Amino acid sequence: MDYPSKLVEQAVEEISKLPGIGRKSALRLALHLLKQPDTQTFSLAESLKDLRTKIKYCGMCHIIADTEECTCKTPSRDVTTVCVVEDTPDVLAIRNTGQYNGLFHVLGGRISPMDGIGPENIKIDSLIERVKESEGEIKEIILALSSTMEGDTTSFYITKMLKPTGVKVSTIARGIPVGGELEFADEVTLGRSIATRTLFSTE
């Protein structure tokens, strides 16, 4: 692709590194920014700079935040339950359901030997310490990890490490989605749905 300017080409090169954005989309975005007032483009650049230089991670939960001090413990949240997720987007997804009112713990990834990621590379140790230091305040750990080999491996490891603490460890239900047809479900999903079946309620 020929570009009218080396500066435009440079901008396209950087923008196209973002996930889901190809060179054509990157070019449209670059040209769009050129048409906008200087203040808008500079504001975007400043926001991205602040994102990289000022963002913090909660020292306890490891959620993206403006401060390293834990702001998760509020009177409205159930401090006896901690939901363990892989990354911050998972926190947002669960919060948006309106069905969970406890605390979170972000691992920052999952165990994946193929990618050279072991237990020591994610925030498992801090989770174990968090449970121990709670002195019985934390009653349940909910594992909300991806239903993959890596996710299951991580869940198994965490469960094993938490066993001496006596805390209850549960996992989110897995199976047929609401509105899903059985004939289109894969065998693993369908099998898990049968194995983890629950009582049908008429209430």
Packing-based ranking, highest mean first, of 106-112, 91-97, 1-7 given that Cβ atoms within 10 Å are counted: 106-112, 91-97, 1-7
Highest mean first, how do 145-157, 39-51 rank when packing is the count of other Cβ atoms within 10 Å averaged over residues? 145-157, 39-51
In nm, give the distance between the simple-model label positions of Ser16 and Thr53, each being 7 Å from the Cα along the Cα-to-Cβ direction. 2.9
Lysines whose Cα lies under 20 Å from that of Lys6, excluding same-chain neighbours fewer than 8 positions away: Lys17, Lys24, Lys35
Relative contact order (%) - criterion: Cα under 8 Å, at least six apart; region: the chain: 13
Expressed as a rounded percentage, what relative contact order does the stretch 95-193 have, with Cα pairs under 8 Å and six or more residues apart? 22
Listed by chain and number, the residues whose amide H is under 5 Å from that of Ser170, excluding neighbours fewer than 5 places away on the same chain and using placed H, are Ile141, Ile142, Leu143
Considering only Pro4, Ala26, Thr80, whose Cα is most displaced toward the positive end of the charge dipole of the chain, charges sitting on Cβ of Lys, Arg (+1) and Asp, Glu (-1)? Pro4
Sorting check: for 173-179, 20-26, which peptide has the highest mean count of neighbouring beta carbons within 10 Å, and how do the rest follow? 20-26, 173-179
Place a +1 charge on the Cβ of each Lys and Arg in the chain and a -1 charge on the Cβ of each Asp and Glu, then give the dipole magnitude about the Cα centre in debye, rounded to the nearest 20. 160
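Each reported figure results from applying straightforward, stated rules to the coordinates on display, with no laboratory input. It should be emphasised that the depicted structure is a prediction, and the values quoted were computed from it without experimental measurement. So basically every Cβ, Gly included, is an ideal-geometry build from the backbone, and we count neighbours across all protein chains shown.
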